[in-house]
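The values are calculated or read from the model by the stated rules, or taken from the named source; none is laboratory data. In this text the structure is predicted, and so the values were computed from the model without any measurement. So basically every Cβ, Gly included, is an ideal-geometry build from the backbone, and we count neighbours across all protein chains shown. The protein model used for the area step is the full one, side chains on, heavy atoms only, and it has no ligands, DNA or RNA in it. Shrake-Rupley method; radii C 1.70, N 1.55, O 1.52, S 1.80 Å.
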Amino acid sequence: MASTPFLCRPSLSNTSISFSSSTSTSLPAHFLRSPSSKNYSRRRILSVRSKIREIFMPALSSTMTEGKIVSWIKSEGDRLSKGESVVVVESDKADMDVETFYDGILAAIVVPEGESAPVGAPIGLLAETEEEIDEARAKAASKSAPSTPKAVTPTPPPPTSTPAPAISQPPPPPAKPASDGPRKIVATPFAKKLAKQHKVNIESVVGTGPFGRVTPADVETAAGITPSKGIGTNAGSNIVSQPTPPKPAPSVAAPPPVPGSTVVPFTTMQAAVSKNMVDSLAVPTFRVGYPVTTDALDALYVKVKPKGVTMTALLAKAAAMALVQHPVVNATCKDGKSFAHNSSINIAVAVAIDGGLITPVLQDADKLDLYLLSEKWKELLKKARAKQLQPNEYNSGTFTLSNLGMFGVDRFDAILPPGQGAIMAVGASKPTVVADADGFFSVKSKMLVNVTADHRIIYGADLAAFLRTFAKIVENPESLTL
């Protein structure tokens, strides 16, 4: 299983130990003051605070926003050594062992197995000595305590903000106690613009809109300006007259659950896949299909299969060789203003695993021979199914290959992954009747290849030329074994 070190934040405890100057020889240099310092007595009392470190949720990939605790390898009270695995965390793509940077005692587990926490949130506490364990556990209890009131307090605000008659008493300040911890400010776009214009700290403004939303009128009131008409301040009826009511309408459109159905929340991996699919909708794409004759490739596969070569490796190698001749198809556009030519050709291959989808990457596929590429692919596939891939083994692709031919699918369109220029969808190779230039019929094996590309950087002629090169390589595959 992959492993990564976690970081700990030192947290100073309230317990202090006093030392006099007569024992200063045993103290580190940074606890001592120069004898020439003024206004200090010869015998000084120095206070040293012990450390309780917070073990927090690490970011195991660039796209990870939260992690799920799969299992705690260590239990509360266990002594830890630097570099030792402590907990298994499920990121958006893999399960990874997390190691400690420090020696100490696992004093308290804040986030138990099966629960999730955002990146950077404390998941456990590490004490230096046994004397600090009780204090650390009390601290852990206090950390989890706010979560209970937090869940209870959101319910009172809706009743006060929903009925219009209750608005005459302008004490939305009672809504403020609901944010004992850090609260998320919800404001209309125009309110944010006004706050910036009038230099008002929007976090200090108490919202009078639905569910505590900060309205433009709230910002103007905080700035000491008479609210403009039309902003929603007619005789104190802020909520009724402001133009925000249309916004809640879309959220009400949630259909009721089907009788007998069961709602299953996304796993961390499914949530990551869902986000990537939604993000891909922002990219203008187009698709080009191309029929490829595979008789020669099939014959080559029969020869090399006993040596451990897979069809996936053959297709990845052919795609990589075609990309060498058409580098624009291997390019990437991320900001919509420029694009990057990738010097490496890294073929990501879509793989369905239990509970999701992942794309192990064959790095520098154009530079590896077919047999080494096959060995590398088998190794990546084994790690992917065990959810042990390192981040650079699944997020460094420059071109993606998706093959459903083994399921008998003759054609399909693939969705372009964010951050890549193109993805190739490969269908099954099937016997097809074809006619030659002389009008004679014959049967040949053909597969349909569809490529989805980012139209901001790849044009139709680019993709057609790439597919023609790919077809020539597949139809004359001798170069694949060189």
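Restricting Tyr301, Tyr290 to residues that are in contact with a Leu (Cβ under 9 Å, 6 or more places away or on another chain), in a helix (DSSP H, G or I) and of a type outside the set (A, V, I, L, M) narrows the list to Tyr301.
Of the residues screened, Lys68 is one that is over 20 Å from Lys139 (Cα atoms), open to solvent by 50 Å² or more (accessible area, probe 1.4 Å), assigned to a strand (DSSP E or B) and at pLDDT 80 or above. With respect to Thr469, determine if the residue is more than 30 Å from Ser61 (Cβ to Cβ), at pLDDT 95 or above and among the hydroxyl-bearing types (Ser, Thr, Tyr). Criteria met by Thr469.
What is the number of the single condition among (1) crowded, with 17+ Cβ neighbours inside 10 Å; (2) more than 12 Å from Ala350 (Cβ to Cβ); (3) polar (S, T, N, Q) that Ser442 does not meet? If we test Ser442 against (1) crowded, with 17+ Cβ neighbours inside 10 Å; (2) more than 12 Å from Ala350 (Cβ to Cβ); (3) polar (S, T, N, Q), just (1) comes out false. Residue check: is Asp78 of a type outside the set (A, V, I, L, M), open to solvent by 80 Å² or more (accessible area, probe 1.4 Å) and at pLDDT 80 or above? For Asp78, the condition - of a type outside the set (A, V, I, L, M), open to solvent by 80 Å² or more (accessible area, probe 1.4 Å) and at pLDDT 80 or above - is not met.
Met406 fails exactly one of the following numbered conditions: (1) surrounded by 14 or more Cβ atoms within 10 Å (Cβ to Cβ); (2) under 26 Å from Val309 (Cα atoms); (3) at pLDDT below 95. What is the number of that condition? Status for Met406: all satisfied but (1).
Listed here are the residues, each with its yes/no results for (1) outside the structural domain of Phe339 (by the TED database); (2) at pLDDT below 85; (3) more than 18 Å from Ala350 (Cα to Cα); (4) surrounded by 11 or more Cβ atoms within 10 Å (Cβ to Cβ).
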| site | (1), (2), (3), (4) |
| --- | --- |
| Pro250 | yes, yes, yes, no |
| Ala254 | yes, yes, yes, no |
| Pro257 | yes, yes, yes, no |
| Ser261 | yes, no, yes, no |
| Thr267 | yes, yes, yes, yes |
| Gln270 | yes, yes, no, yes |
| Asn276 | yes, yes, no, yes |
| Phe286 | no, no, yes, yes |
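Here is the figure for the range 81-113: residues that are assigned to a strand (DSSP E or B) and closer than 14 Å to Glu66 by Cα total 5.
Matching residues to (1) at pLDDT 80 or above; (2) open to solvent by 90 Å² or more (accessible area, probe 1.4 Å):
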| position | (1), (2) |
| --- | --- |
| Ser168 | no, yes |
| Lys176 | no, yes |
| Ser179 | no, no |
| Lys184 | no, yes |
| Lys192 | yes, yes |
| Ala195 | yes, no |
| Lys199 | yes, yes |
| Val205 | yes, no |
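Pairs linking a residue in the range 309-324 that is in the same structural domain as Leu372 (by the TED database) to a residue that is open to solvent by 30 Å² or more (accessible area, probe 1.4 Å) and in a helix (DSSP H, G or I), with Cβ atoms under 7 Å and 6 or more positions apart or on different chains, are Val309/Tyr371; Met311/Tyr301; Leu314/Tyr301; Met321/Ser479.
Of everything in the range 98-134 that's of a type in the set (A, V, I, L, M, F, W, C) and open to solvent by 10 Å² or more (accessible area, probe 1.4 Å), which residue is farthest from Glu76 (Cα to Cα)? Only one residue tops the list, namely Val119. Is it the case that some residue within the range 456-479 is open to solvent by less than 30 Å² (accessible area, probe 1.4 Å) and either farther than 20 Å from Val324 by Cα or not in a helix (DSSP H, G or I) (or both)? Yes.
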